[in-house]
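To keep things clear, I will list the structure first and then write my remarks on it.
The values are calculated or read from the model by the stated rules, or taken from the named source; none is laboratory data. Computed from a predicted structure; not experimentally measured. Note that each Cβ is placed from the backbone with ideal geometry, even for glycine, and that neighbours are counted across all protein chains shown.
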Amino acid sequence: MTAGLIGGGKLHADASLIGANASKDPVVKSSAEFIAAYAAACQAQEKKLNDPADRSCFQAVNDMAISTTDPDAGLVRKGGQGSHRACHHHRAADDAQGVITAVETTSGSIAQNKKLMALMQQHRDNTDCELKKVVADHKYGTAENFVACHQQGVVTHLGDAKAKRGKAEGIFSEERFNYQPASDTYLCPAGQMLRRRRYIRRQRVWEYGADKAACAGCALRAQCTRSKQAGVVSRHEAAGVLEVCRAQAHSAAAKRDRQRRQYLMEGSFADAANNHGFKRARWRRLWRQQIQDYLIAAIQNIRILLARTVLKPAASAALAFEKAIWPNLSCWWAMLARSSPAGMTHLAES
């Protein structure tokens, strides 16, 4: 901040999986109740957050199995590598020079979009700047994140997760169903009225359905739905806000920002992996992995500071180093102490 390398107003967010220092083989498999008790005994710090798949019939694999070597490492599957134990590194970087301003480490089972608000708040706390714009890929562009950003007055240049979903071939898109604000109903392509039917609390949406008899005899039914029941349309309770946020997400400025995010964040992760052993955990347990992530991020920031700051001649190089580097190191160390006091105690004892 003192060197003028942080703007503070625009933030880029992304996440990356880190291979845990644990094999997937030493795994305890049992009932969800036993696994929960085992995790509590091992003081596992995180549990899988609720996903859109969190329905009554859904049972997460990480609720049924736990590693005996590293209980904090979640079992994940990505990129054709098969299932493996991993941690999830969540990172945010300032737009000006790519300085890392927020870092959080979780189990690999925690979806990256769940930590956007935490990264934004950490960025504000660390920089004392007003955040005006957040940039991230489509994995972050959920209804939950759009609404939360709008409530905080932050412009959303996130990719739209809804637009990335595949559409069923031969089925009308949602845009073909016209919403009628005056009557709070939808009109389907055949002109039938869909009325509000029920509220789904988990997704925070209202479901609108057509009359079953009218739908059953409709000539366009095959293009409307493949369900045996009548066609339905879902509308989020903050649909007006989502329209504004998605318009921001599809703007030309948002597309330019996401292109910059791609090389800014991917470059930051690539530098960490190529030069600092980022992609593999050195130790076990989440608090130790947090130490590794904080140190790597601090070193990357120091390198940015050295590269962007003109140092004085060799005679005063030591003084310049002291003024430029040590305040940053002490800041990161203080953040580490606040985030993991138990980890600092273990580190001091060792």
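Results for (1) within 20 Å of the chain's Cα centre (by Cα); (2) at pLDDT 55 or above; (3) in a helix (DSSP H, G or I), shown as yes or no for each residue.
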{"residue": "C57", "(1), (2), (3)": "no, no, no"}
{"residue": "R85", "(1), (2), (3)": "yes, yes, no"}
{"residue": "H88", "(1), (2), (3)": "yes, yes, no"}
{"residue": "A92", "(1), (2), (3)": "yes, yes, no"}
{"residue": "Q97", "(1), (2), (3)": "no, yes, no"}
{"residue": "K114", "(1), (2), (3)": "yes, yes, yes"}
{"residue": "A118", "(1), (2), (3)": "yes, yes, yes"}
{"residue": "H123", "(1), (2), (3)": "yes, yes, yes"}
{"residue": "L131", "(1), (2), (3)": "yes, yes, no"}
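I need every pair where a residue in region 2-27 that is surrounded by fewer than 20 Cβ atoms within 10 Å (Cβ to Cβ) and among the hydrophobic types (A, V, I, L, M, F, W, C) has its Cβ under 7 Å from the Cβ of a residue that is modelled with pLDDT under 75 and part of a strand (DSSP E or B), sequence separation at least 6 or different chains.
Filtered contacts from region 2-27: L17/V76; V27/A65; V27/I66; V27/S67.
Among the residues of region 99-110 satisfying the criterion of being touching a helix residue (DSSP H, G or I) at 6+ places or on another chain (Cβ under 6 Å) and assigned to a loop (DSSP other than H, G, I, E, B), which is nearest to N126 (Cα to Cα)? First the steps, then the outcome.
Of all residues in region 99-110, those touching a helix residue (DSSP H, G or I) at 6+ places or on another chain (Cβ under 6 Å) come to 99-105, 109.
Okay, now just the ones that are also assigned to a loop (DSSP other than H, G, I, E, B), so 99, 109.
Working: V99: 12, S109: 27 Å.
Going through the qualifying residues, I end up with V99.
Going by the conditions given, is R226 in contact (Cβ under 8 Å) with a residue 40 or more places away in the chain and farther than 27 Å from S16 by Cβ? So that I can check it myself, show each step before the final result.
On the way: in contact (Cβ under 8 Å) with a residue 40 or more places away in the chain: yes; farther than 27 Å from S16 by Cβ: yes.
Answer is yes for this residue.
Here are Q180, Q203, Q192: which of them is at pLDDT 80 or above and under 27 Å from the mean Cα position of the chain (by Cα)?
It is Q203.
Specify the residue that is nearest to A86 (Cα to Cα); the eligible residues are those in region 269-283 that are crowded, with 19+ Cβ neighbours inside 10 Å and either more than 19 Å from the chain's Cα centre (by Cα) or of a type in the set (A, V, I, L, M) (or both).
Out of the qualifying residues, it is A281.
Would you be able to tell me the number of residues in region 226-236 that are at pLDDT 75 or above and polar (S, T, N, Q)?
Counting residues in region 226-236 that are at pLDDT 75 or above and polar (S, T, N, Q) gives 1.
Need pairs with beta-carbon distance below 6 Å; first residue within 17 Å of A161 (Cα to Cα) and within region 103-122, second in a loop (DSSP other than H, G, I, E, B) and modelled with pLDDT of 90 or more; sequence gap 6+ or separate chains.
Listed pairs, sorted by first residue: N113/T142.
Please pick out the residue among Q229, Q223 that is over 30 Å from H138 (Cβ atoms), of a type in the set (S, T, N, Q) and over 21 Å from the mean Cα position of the chain (by Cα). Reasoning before the result, please.
Values: Q223 fails: over 30 Å from H138 (Cβ atoms).
Going through Q229, Q223 in turn, just one is over 30 Å from H138 (Cβ atoms), of a type in the set (S, T, N, Q) and over 21 Å from the mean Cα position of the chain (by Cα): Q229.
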